[in-house]
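*Asks:* There's a structure below that I have some questions on.
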Amino acid sequence: MPDHPPDGPPSRLPNKASLGRNAELQAVKYLEKQGYKIVCRNFRIRQAEIDIIARDGQWLVFIEVKARSSGLFGGPAEAVDLRKQDRIIKAARGFMAFKKMELPARFDVIAIGPGGLEHIKDAFEPLDNY
């Protein structure tokens, strides 16, 4: 029995983990070229993770990186729904408390898809005053 669907050969698309790692590396390179200083990568607390934490001037920026190899299931930025935003916000609060930081914070999304890289600044914000 073949190890691929009967209508064609196995997919040559990268697996999800590889796609994510490559997207994060691409995002870091982009941010550094834009003058951002990377503070931390893959910060985890409880059940939440922040892909990249960086400084942009006075701002501490929490960045979610989303990648899609095709537009079949929607654009990458669409995957950052309210539930995901809530987890990122909680993780950001945890990071700032742990590091004892009191800086203005911003939440960005870097979406990487077939059309290239899109940096969405202030993509979302907490419903309460951070």
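*Asks:* Within segment 52-63, identify whether any single residue is modelled with pLDDT of 95 or more, more than 19 Å from LEU117 (Cβ to Cβ), among the charged types (D, E, K, R) and surrounded by fewer than 16 Cβ atoms within 10 Å (Cβ to Cβ), and answer yes or no.
*Replies:* There is at least one residue in segment 52-63 that is modelled with pLDDT of 95 or more, more than 19 Å from LEU117 (Cβ to Cβ), among the charged types (D, E, K, R) and surrounded by fewer than 16 Cβ atoms within 10 Å (Cβ to Cβ).
*Asks:* If you don't mind, another one. Residue by residue through segment 1-51, note down the ones that are more than 25 Å from GLN85 (Cβ to Cβ), modelled with pLDDT under 70 and charged (D, E, K, R).
*Replies:* Matches in segment 1-51: ASP3, ASP7, ARG12.
*Asks:* Follow-up question, since we're still on this one. Please go through segment 64-93 and pick out each residue that is among the basic types (Lys, Arg) and modelled with pLDDT of 85 or more.
*Replies:* Those that are among the basic types (Lys, Arg) and modelled with pLDDT of 85 or more: LYS66, ARG83, LYS84, ARG87, LYS90, ARG93.
*Asks:* So for segment 34-52 (the condition being touching a residue at least 40 places away in the same chain (Cβ under 8 Å), out of contact with any His (no Cβ under 8 Å at 6 or more places or on another chain) and on the phi > 0 side of the Ramachandran plot), does at least one residue qualify?
*Replies:* yes
*Asks:* In addition: Restricting to segment 94-130, and then to whatever is over 15 Å from the mean Cα position of the chain (by Cα) and surrounded by 15 or more Cβ atoms within 10 Å (Cβ to Cβ), can you tell me which residue is modelled with the lowest pLDDT?
*Replies:* This residue is PRO126.
The values are calculated or read from the model by the stated rules, or taken from the named source; none is laboratory data. Bear in mind the structure is a predicted one, so any value in this text is a computation, not a measurement. Counting neighbours? That spans all protein chains shown, and the Cβs are built from the backbone with ideal geometry, glycine included.
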